[in-house]
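Asks: Input: one structure, supplied below.
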Amino acid sequence: MTAKPFLLALHGETITPPPFWLMRQAGRYLPEYRQVRAETKGFLDLCYSPNLATEVTLQPLRRYGMDAAILFSDILVVPHALGQHVTFVEGEGPSLRPIRNAQQVEALANEGLHERLAPVYEPVRRLSTAIPPTTALIGFAGAPWTVATYMVEGGGSKEFSETKKLAYGQPAVFQRLIDVLIQATGDYLIAQIDAGAEAIQLFDSWAGVLPEDEFDKWVIAPTRALVNRLKAERPQIPVIGFPRGAGILYQRYVEETAVSGVSLDTGIPLEWAAKTLQPRCTVQGNLDPQWLVVGGEAMLTAADRVFLVLGKGSCVFNLGHGITPAASP
């Protein structure tokens, strides 16, 4: 670990310059990724191909020498492995057969999860030896709330009306779904760690759509359960949380989940994060991905401000969300 700046930062050290990686660093902005994707039947086929997932994970490292590689996969492999029908429609995104009642929740099958996810674990094993010796390997999963939104809505959403209707109107049924996801996600992450992942990131992309009380129930509580389990069973592995859009609730998220690091979205003021969050954990972020589209001196000035404000403490340089396809390599 002592040779890996990313891990040192997540254990509270101040590294100068800060280590960096970028969310969606393996993806559609890279021509070499687009070439691999064009030769693959479907997106899930790419995720479940150990050879191709390994190759795509390594592509940005060859160009940029990031301090961390993140496994190429998708947060929806967990509901797929639980038996929910999941497809990806080109140009539209994920499509799932919606789960909206107790019977459908109980039909999800955690038994056999590892067998179905074995093609995801294999690239982790390969990457643990294929990446440079000073580069860390990140495993990841979607946080239960965000994964549940896709499972209930049947895909992406702007209003999350079906998910909120189930969570607010039938909280016992929704809690059962969250509990299934806590168990499956914990099992999945521990298997990634055992295959070679050295840190974990939990993506809660839709955390910001909930009011405070529901945020406590469906974002903080499930994340705390996962962090507690990982700390108990694999205590050396740091966990980064990403409660995108949570605003001032970031503070309670950090305090109540005990994550090792927190990834900041583009809306979090840097000075507030440095004063309120950084004394409690490592902060990661938060350059607006659109600066990579703009480029030039304006981009460098924006990046310099992140370094200036957050670089005095333990931090990891990253974006506030993922690289967009329009970004120039």
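The values are calculated or read from the model by the stated rules, or taken from the named source; none is laboratory data. Just so it is clear, the model here is predicted, and its values are computed rather than measured. Here the Cβ positions follow ideal geometry from the backbone for every residue, glycine too, while neighbour counts run over all protein chains shown. SASA here: full protein model, heavy atoms, side chains in, ligands and nucleic acids out. Shrake-Rupley method; radii C 1.70, N 1.55, O 1.52, S 1.80 Å.
Asks: Around Leu264, which amide H atoms from residues at least 5 apart in sequence, or from another chain, sit under 5 Å from its own amide H, with H modelled in the peptide plane?
Replies: Gln284, Gly285
Asks: I would also like to ask the following. Please give the solvent-accessible surface of Trp218 in Å², to the nearest 10, using a probe radius of 1.4 Å with every protein chain present.
Replies: Rounded to the nearest 10, that gives 0 Å².
Asks: Could you compute how much accessible surface Asp216 exposes when probed at 1.4 Å, giving the result in Å² to the nearest 10?
Replies: 40 Å²
Asks: Once label points are set 7 Å from the Cα along Cα→Cβ at both Thr16 and Glu90, what is their separation, rounded to one decimal in nm?
Replies: Those two pseudo-labels are separated by 5.1 nm.
Asks: Which longest run of the chain has no exposed loop site in it, a site being trypsin sites (Lys or Arg not before Pro) in a DSSP loop with at most 15 other beta carbons within 10 Å, and the site itself not part of the run?
Replies: Of all site-free stretches, the longest is 159-279.
Asks: Shifting gears a bit: Only one of the listed values, (i) 31; (ii) 34; (iii) 47, was derived from the coordinates as percent of Cα pairs over 30 Å apart; which label is it?
Replies: So the calculated entry is the one marked (i).
Asks: With only Lys, Arg, Asp and Glu charged, each at its Cβ (+1 for the first two, -1 for the last two), find how big the charge dipole of the chain is about the Cα centre; round to the nearest 20 debye. All intermediate terms of the calculation are to be shown ahead of the outcome.
Replies: Numbers: 28 positive and 33 negative charges, 53 e Å.
That gives a dipole near 260 debye.
Asks: Run the paramagnetic zone check for Trp272: 7 angstrom along Cα to Cβ, then residues of the stretch 232-250 with backbone nitrogen under 12 Å.
Replies: 245-250
Asks: Solvent-accessible area per residue for the stretch 209-329 at a 1.4 Å probe radius, Å²?
Replies: 41 Å²
Asks: Which percent of the accessible area of the chain is formed by carbon and sulfur heavy atoms (probe 1.4 angstrom)?
Replies: Using a 1.4 Å probe with all protein chains present, the chain comes out at 53 percent carbon and sulfur.
Asks: Obtain the nm distance between the two label points defined at Ala232 and Glu159 by a simple spin-label model: each point lies 7 Å from its Cα along the Cα-to-C-beta direction.
Replies: 4.0 nm
Asks: Same structure, new question: In whole Hz and in residue order, list the ³J(HN,Hα) couplings for the stretch 317-329 that follow from phi through the Karplus curve 6.51 cos²θ - 1.76 cosθ + 1.60, θ = phi - 60°; x for Gly and Pro.
Replies: Couplings: 6, 7, 9, x, 6, x, 4, 8, x, 6, 5, 7, x Hz.
Asks: Also, I was wondering about something else. Just to be sure I understand: with springs between alpha-carbon atoms less than 10 Å apart, which residue in Gln25, Gln84, Gln35 has the highest mean-square fluctuation in the Gaussian network model of the chain?
Replies: The residue that fluctuates most here is Gln35.
Asks: Related question: Along the charge dipole of the stretch 178-281, Cβ charges K/R +1 and D/E -1, which of Leu202, Pro222, Ala273 sits furthest on the positive end?
Replies: Checking the options against the dipole of the stretch 178-281, the answer is Ala273.
Asks: Of the candidates Gly139, Gly295, Gly156, which one comes out as most mobile in a Gaussian network treatment of the chain with C-alpha springs shorter than 10 Å?
Replies: Of Gly139, Gly295, Gly156, the Gaussian network model singles out Gly295 as fluctuating most.
Asks: Quick check: pseudo-label points 7 Å beyond the Cα along Cα→Cβ at Ala298 and Glu115, how many nm apart are they?
Replies: 5.5 nm
Asks: Then there's this: To make sure I understand the rule: partners must be aspartates and glutamates, Cα under 13 Å from the Cα of Lys217, and not fewer than 8 residues away in the same chain. Which ones qualify?
Replies: Asp179, Glu256
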